[in-house]
1. Please work out if E53 is closer than 17 Å to L93 by Cα and open to solvent by 10 Å² or more (accessible area, probe 1.4 Å).
2. Among the residues of the range 472-491 satisfying the criterion of being out of contact with any helix residue (DSSP H, G or I) (no Cβ under 9 Å at 6 or more places or on another chain) and outside any helix (DSSP H, G or I), which is nearest to A511 (Cα to Cα)?
3. How many of the residues in the range 148-159 are more than 16 Å from the chain's Cα centre (by Cα) and open to solvent by less than 10 Å² (accessible area, probe 1.4 Å)?
4. Do you know which residues across the range 160-184 are in contact with an Asp or Glu (Cβ under 7 Å, 6 or more places away or on another chain) and open to solvent by less than 10 Å² (accessible area, probe 1.4 Å)?
5. Have a look at A412, A408 and point out the one that is at pLDDT 95 or above, crowded, with 23+ Cβ neighbours inside 10 Å and either among the hydrophobic types (A, V, I, L, M, F, W, C) or out of contact with any strand residue (DSSP E or B) (no Cβ under 9 Å at 6 or more places or on another chain) (or both).
6. Are there any pairs, at least 6 apart or on different chains, whose C-beta atoms fall under 7 Å, with the first in the range 466-495 and over 15 Å from E513 (Cα atoms) and the second small (G, A, S) and surrounded by 11 or more Cβ atoms within 10 Å (Cβ to Cβ), and if so, which?
7. When the residues of the range 248-269 are narrowed to those that are touching a strand residue (DSSP E or B) at 6+ places or on another chain (Cβ under 6 Å) and not in a helix (DSSP H, G or I), which ends up farthest from L387 (Cα to Cα)?
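The values are calculated or read from the model by the stated rules, or taken from the named source; none is laboratory data. Here the structure is a predicted model, which means the values were calculated and not measured. Please note: Cβ atoms are built from the backbone with ideal geometry, for glycine as well, and neighbour counts cover all protein chains shown. Areas reflect the complete protein model, heavy atoms only, side chains present, ligands, DNA and RNA absent. Shrake-Rupley method; radii C 1.70, N 1.55, O 1.52, S 1.80 Å.
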Amino acid sequence: MPIEGETLHPHAARLVREGIDVAALAGQTIRLTEDAAMAEGAFSLADTGGRIEVRGGPFSGVIYGAQELVARLGCKLDVSVLADGPVADAPGLAYRTFWSWDHSTNWELSQVGQQEIGVFNPYQKPPSGFLADYRRLVDYCSANRIAAIVVYGFLRDSHGGIEAAQELCRYGRERGVRIIPGIAIGAYGGVYWEGNHRYNLNTWLKRNPQHKAQFGKDIGFQLADLDFPLNFPHSDYTVTACPSAPEMMDWMEEAVGWLAETFDIGGINIESGDYGVCDCARCTARRANDAEAARRAKQYGDSWSHSDMAANFPRLYRAAKAVKPDLWIYCEMQWDNLLEPVAAEVQAALPRGGIYQHTCNRSYWKRLRQALPPGYVASLPTQPNVLRCQFACQWNGDARTERYAFNARDFADMSQEGHRVGMQGLTIWGEPSDYNAATEIGYLAFARFGWEPELTWDAFVARDVAPLFGGEDRARRFIAIAEEIDAKAELSPERLDELLDETVTAMATAAREPRRRWLSLADRIGRRGHMGR
């Protein structure tokens, strides 16, 4: 059976050939076609008589359509499943994105050098580890309709530099996953995170030391829901440039253009840096009349500046879009401020078409769910808007991190409520592997509720989680145990033993993959018991 469009859509064609016995469909042709008029990720399937038409929106729609065709047709080899007319679907949230740092993204679990937290970390895995981790992450995203991956540390000499980054982009593009480098304006290494390169910030500041930022306090920041402050030593990683220096912005603009030209990226995530702001005379004078900046400085210790972002983001946005108009350009609006937006004139300076990302810690998300008025998001001058979940990860809590907790309800809730109030996307941390079953179900919730925000929790468990455990009752019991051990309340040794015995019993009678999931839960119970709480 011929597949038309295979050259342009190799991964979609591969899915069809691997999932359908095409030799048994004698006389049928499958046609793969991208349709620019469709929304990104949207698709339709139709039997036109002798030809099965798979049409999809840009970037990923044809791949999602091929997945749906395989799921519907599979080994049935019966095109009558399309006899009632075309099948069409589209994402409820347009922007469904994983966020990550290169050093703490752990998807290839057999390699050494894994890290769990940090922002100014050296890369400690073998040079091949970067692609080994991110290829697996891309595969997961492609299979589950997660549209994009933000990568901080995208360019680092110690894990392959330009060549490895280009290969990751090629791999992601072929599979319908946007690779989005994370950068900061005059911070976080600039465009080239670590290495002796002209677009690495430390390299540039060594040649132009007069443009180094002047900090009035130590480097670091404090998250509202993290029980300890984050302070960082002065190093090549933490150097920062003055955002008021025209020479620095000329250099950043040039670097962003190079980034868009050199790599087949799907976008850029741009922030202003969040671990300190420049206190030089020029920056102080520029912000003197900015009441919002003064208020934020008092509340958050002046670790970032909305004024700096408003002054400089538009220029970088235009530079990237001039090279590739279809890029997703995220603008980081920083933490816990959606109900206290920056001054109207600051917002008005930001271009429509950027993706404006509002980050929430857990306590602030609880507030938003209660206090966000109807129509508020639609009224913002920044459009479109998305949420970023800065909890259900390593960046919140106390010693009992939520990085490996059962976070599925949080992701479902943010997808549903975000969609209800007019948000067009959600970003979550995607660093830990799906080997841990609680993480796996959390990612699955993010994927399913992001695609279908009207989905109910009960339907999700019955349709998507139950098959992972061989039945709905077993799935619900797994969830109940996972949520009990994640609770902040202390559990007695006797109760932990009861839960461990139940988990081990379930594991002993399960098939291979369900057994692996119960095993990961047993390990978490055992760890909690070993630590005495």
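1. Working: closer than 17 Å to L93 by Cα: no; open to solvent by 10 Å² or more (accessible area, probe 1.4 Å): yes.
In short, no.
2. Here is the first cut: in the range 472-491, the ones out of contact with any helix residue (DSSP H, G or I) (no Cβ under 9 Å at 6 or more places or on another chain) are 480, 487-490.
Filter once more, so that each one left must be outside any helix (DSSP H, G or I): 487-490.
Working: A487: 28, K488: 32, A489: 32, E490: 32 Å.
Of everything passing the filter in the range 472-491, A487 is nearest to A511 (Cα to Cα).
3. Initial filter on the range 148-159 (more than 16 Å from the chain's Cα centre (by Cα)): 155-159.
Filter once more, keeping what is open to solvent by less than 10 Å² (accessible area, probe 1.4 Å): 155-156, 159.
Qualifying residue count, the range 148-159: 3.
4. Selection gives C169, A184.
5. Details: A412 fails: crowded, with 23+ Cβ neighbours inside 10 Å.
A408 is the lone residue from the list that is at pLDDT 95 or above, crowded, with 23+ Cβ neighbours inside 10 Å and either among the hydrophobic types (A, V, I, L, M, F, W, C) or out of contact with any strand residue (DSSP E or B) (no Cβ under 9 Å at 6 or more places or on another chain) (or both).
6. These pairs meet every condition: E472/A462; E472/A466; A482/A438; D486/A405; P493/G529.
7. Among those that are touching a strand residue (DSSP E or B) at 6+ places or on another chain (Cβ under 6 Å) and not in a helix (DSSP H, G or I), it is I265.
A quick yes/no check of all residues on (1) among the acidic types (D, E); (2) surrounded by fewer than 16 Cβ atoms within 10 Å (Cβ to Cβ); (3) in contact with an Asp or Glu (Cβ under 8 Å, 6 or more places away or on another chain); (4) modelled with pLDDT of 95 or more:
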position: V461; (1), (2), (3), (4): no, no, yes, yes
position: E472; (1), (2), (3), (4): yes, yes, no, yes
position: I479; (1), (2), (3), (4): no, no, no, yes
position: L491; (1), (2), (3), (4): no, no, yes, no
position: D497; (1), (2), (3), (4): yes, yes, no, yes
position: E502; (1), (2), (3), (4): yes, no, no, yes
